[in-house]
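The values are calculated or read from the model by the stated rules, or taken from the named source; none is laboratory data. Given the structure is predicted, the values throughout are model-derived calculations rather than measurements. Backbone-built Cβ (ideal geometry, glycine too); neighbour counts: all protein chains shown. Accessible surface areas use protein heavy atoms only, side chains included; no ligands, DNA or RNA. Shrake-Rupley method; radii C 1.70, N 1.55, O 1.52, S 1.80 Å.
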Amino acid sequence: MSAIRLDGIAIGQQIRAGLRAPVAEFTRQAGRAPGLSLVLVGDDPGSHLYVSSKLRSAGDSGLDAEIHRLPGDTPIDELLRLVDRLNRDERCDGILVQSPLPTQMGADAERRVFDAIDPAKDVDGFHPTNVGKLVQGRADLVACTPSGVIEILERSGIRIAGASAVVIGRSDIVGKPMALLLLHRHATVTICHSRTRDLASVAREADILVAALGRPAFVTTDFVKPGATVIDVGTTPVSDAELVAGWFEPGHKRRDAFERRGSLVMGDVHPGVEAVAGALTPVPGGVGPLTIAMLLKNTVTAAMNRLNGIGL
Ligand code: NAP
């Protein structure tokens, strides 16, 4: 048996196509396009790549997106002042401060910055107001990656209600909101983490298994009930040729790509799981494209809410 591949690129395109009409309607009513402000601090190459790709996608979808680039040694107060300015900028509907922030900003920098963003413009869905609303099942702006996973499941016809769902990972940005979204859709949800005992046997109970640990190829076949849907959120850059050789046979397209580039982005799910799962999101081309599509969707929602005076 070989798992059905859930195509995140195609689903992301569907979502973006669905945004054309509301973007046009907003632009007609407001006399401007929905505005997205991206903030990038420092020179982390991964963050540069993500932010450039968000900017491009936003432009392609008719949004008015801009990047504010700040040097890595920027004091946190300066970043907070920029957030305050964007909060008060009428043309800005959505604010995204790319994480991680430089370590020199302090251990609590991300929390301070996310807390400072106007909840009505919080297109990442990280503000405590939006997280609280998510707990109550009434949030408009929900973290992009987990809401993208829900889109994949629903648009692929995978039944969530009544399913046993296991989420491995309990971060604020992926694991916890993921578990809540599944719960609100009537799954029976188990959240696992680094202290979970006998993780593989807990995971094996799942009809829907979401792996969000950031440990490449950690979820092996013994974690997966035959026929289960496996969602691979993990994206870890790997440059160890020996590891890659252990995962992919010579001639496999991912091994060839590694040999050309000297690195690859690996998911949390071992390639062998494809033979056991019923459906599986690939890495790349699974959850990743949905994260950007949901950011654009959140921006349009935030813009429409602001236009219609729906405050938070
Ligand atoms: P994170 O904040 O590091 O959280 C990882 C979670 O996994 C923690 O809850 C941790 O448990 C748990 N964990 C780690 N090792 C474990 C183990 N051996 N057994 C069981 N649980 C373990 O990571 P994150 O921000 O949630 O991201 C997770 C992954 O998703 C990363 O690879 C990240 O790059 C990727 N990601 C991808 C996208 C995308 O668009 N595709 C978006 C966001 C994140 P404890 O809480 O006990 O430490």
Label-point separation, Ser2 to Arg81 (7 Å along Cα→Cβ), nm = 5.8 nm
key: Non-local Lys pairs in the chain, i.e. 8 or more apart or on different chains, that have alpha carbons under 19 Å apart   = 6
Percentage, to the nearest whole number, of Cα pairs in the chain over 33 Å apart = 26 percent
inquiry  = Restricting to DSSP loop positions (anything but H, G, I, E, B) with no more than 15 other Cβ atoms inside 10 Å of their own Cβ, which GluC sites (Glu not before Pro) remain in the stretch 1-97?
reply    = Glu90
ask   = For the chain, what is the accessible area per residue in Å², given a 1.4 Å probe and the full set of protein chains?
value = 47 Å²
ask   = When only alpha-carbon atoms count, how far does the stretch 31-124 stretch along each of its three principal axes, as whole angstroms with the largest first?
value = 40, 28, 18
request  = Could you pull the accessible area for Lys176 with a 1.4 Å probe, rounded to 10 Å²?
outcome  = 90 Å²
Added length on full extension, which subtracts the Cα-Cα distance from 0.36 nm per residue, Ser171 to His68 = 34.4 nm
message = Expected output is a single nm value to one decimal: the length gained when fully extending between Thr221 and Thr188, i.e. 0.36 nm times separation in residues minus the C-alpha distance. What is it?
response = 9.7 nm
request  = Provide the packing ranking of 223-230, 52-59, i.e. peptides ordered by the mean count of other C-beta atoms within 10 Å per residue, highest first.
outcome  = 223-230, 52-59
key: Percent carbon-and-sulfur accessible area, the chain, ignoring ligands, DNA and RNA, probe 1.4 Å   = 51 percent
